[in-house]
Each structure stands twice: as C-alpha cells, then as structure tokens.
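We did not get these values from a lab; they are worked out from the coordinates using the rules stated. The shown structure was predicted, so the numbers you read here are calculated from the model rather than taken from an experiment. Please note: Cβ atoms are built from the backbone with ideal geometry, for glycine as well, and neighbour counts cover all protein chains shown.
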Amino acid sequence: MLNSQDKKALQVKGEDCFILAECFFDRPFKRPDYLFNQRGKSAGSAHLQRNIIKFNATLFKHNQDEFINQVVAHEVAHLIVYQLYGKVRPHGREWQDVMCNVFNCPATTTHSLDISKVIGKQFSYLCLCRTHQLTIRRHNKVLKGAKYLCTRCKGVLKPNSHLDNGP
Ligand SMILES: [Zn+2]
Ligand SMILES: [Zn+2]
C-alpha cells in the first residue's frame, strides 16, 4: 500500500500533466480518478471510458523516479488523446505527439522498471533453443508432472539446475 504522501506525489504529477495539456491545447480536460491497485508487471493503466488511471503501488515503491518522470505522463497522455480524438490506436501518432510535444517525454511504450518485487521467485528452465523463466506456480506443476513446451522449438522445458536451487 502507498502512504498518502506517495499518492499525493503521483496525483500532483498527474495534475501537472493536465495543466500542461490544457495550456497546449487551450481547452479543459476532465480529471480522472487515481487508483493504486494496478497488479502484475504493468506500471499503470489508463481506463478511457471510466476515466481512471491505475498505478502499481509495488512497482512505484521501487521505481519512484521512473514513475514521476515517465509513467504518469504515459497514462495521462492516453486520457488526453481519448478526450481529444476518441478511440484511436493506443500508442499511435496522437499519443506519441502528446508525449513528445506536450510532456517533452520520450514516447516509449516499454519501461525499464525493476519488476523483481512483483514477479516473485523465478525458476530457470531450458528447452532446445533458450532459457525460460517459470513462475513458482508453473514450477510446482512441473514437479507434479506437468510438461511445458517451448513455443518456438516445441522442446519440453527441463529444469536448468545450474542456475537455481531447483531439483
Ligand atoms: Zn500505454
Ligand atoms: Zn525452445
């Protein structure tokens, strides 16, 4: 969970972005509700029709600079684009223009956040062509007899016992 100071920092940054957009486009934009329950590996998400931005509290704690410098602008840009143009490609031309011209941010769609805290322990497996990282849930299924195939080489994944303390 985030404390109120963390939530405030994200909301203030979001408001900064909206004010920049209002100056740039010379029109008002409806403010979203901010939620802090984004799950999984995503830093955040923008829910266009509901006008909600969700942030990943766990990722924020370990990547505060990236959130303040990039993630907030990324999600706000989705809502700005939706209010301006309706439904268009999520990271298309319109979104890229808002990121570059209004927020002065790189229009990257991937982030380089430290996600180790949200993915849990990974188990290294080998097929015929590369290594795979399996979650503990899948790893336990393998121990009970499940077989996973590599989508590329169709080889059965086998525990790579050199890289972890697996069986
Ligand atoms: Zn996006
Ligand atoms: Zn393979």
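Compute the signed sum of charges (Lys and Arg +1, Asp and Glu -1) over the other residues within less than 15 Å, Cβ to Cβ, of residue 115. Charge balance in the 15 Å sphere: +3. Name the most mobile residue of 71, 98, 156, meaning the one with the largest mean-square fluctuation, in a Gaussian network model of the chain with Cα contacts below 10 Å. Highest fluctuation of the listed residues: 156. Per-residue Karplus couplings for region 30-41, computed as 6.51 cos²θ - 1.76 cosθ + 1.60 with θ equal to phi - 60°, are listed in order as 6, 7, x, 8, 9, 10, 10, 10, 4, 10, x, 8 Hz, Gly and Pro entered as x. Ordering 22, 66 from the fewest to the most neighbouring beta carbons within 10 Å gives 22, 66.
Rank the residues 42, 4 as a footprinting-exposure proxy: fewest other Cβ atoms within 10 Å of their Cβ go first.
Fewest to most other Cβ atoms nearby, the residues stand as 4, 42.
Contact order for the chain, expressed relative to its length and based on alpha carbon pairs under 8 Å spaced 6+ residues apart, stands at 17 percent. The lysines whose alpha-carbon is closer than 18 Å to the alpha-carbon of residue 154, local same-chain residues fewer than 8 away aside, do not include any residue. The alpha-carbon atoms of region 120-159, seen along their principal axes, cover 24, 20, 14 angstrom, with the largest extent given first. Between 50, 93, 152, the GNM of the chain built on Cα springs shorter than 10 angstrom shows 152 fluctuating the most.
This model, with +1 at the C-beta of Lys and Arg and -1 at the C-beta of Asp and Glu, gives region 4-102 a dipole about its Cα centre of some 440 debye.
Helical runs assigned H by DSSP (4 residues or longer) give the chain a calculated mean residue ellipticity at 222 nm of -10500 deg cm²/dmol, each run adding -39500 (n - 2.57) before division by the residue total. How tilted is helix 72-85 with respect to the longest principal axis of the chain? Cα atoms for both, answer in degrees (0 to 90, nearest 10). Tilt relative to the chain: about 60 degrees. When the listed pairs 30/117; 13/121; 30/61; 8/54 are checked against a 23 Å cut-off, the alpha-carbon distance exceeds it for 30/117; 13/121; 30/61. Neighbours of residue 75 by Cβ distance under 11 Å: Lys/Arg scored +1, Asp/Glu scored -1, total +2.
Using only alpha-carbon positions in region 4-102, the gyration tensor eigenvalues give semi-axes of 21, 14, 12 Å once each is multiplied by 5 and square-rooted (largest first). Across the options 56, 143, 109, the greatest Cα extent toward the positive end of the charge dipole of the chain (unit charges at beta carbon of Lys, Arg, Asp, Glu) belongs to 143.
Computed from point charges on the beta carbon alone (+1 for Lys and Arg, -1 for Asp and Glu), the dipole magnitude for the chain about its Cα centre is near 1280 Debye.
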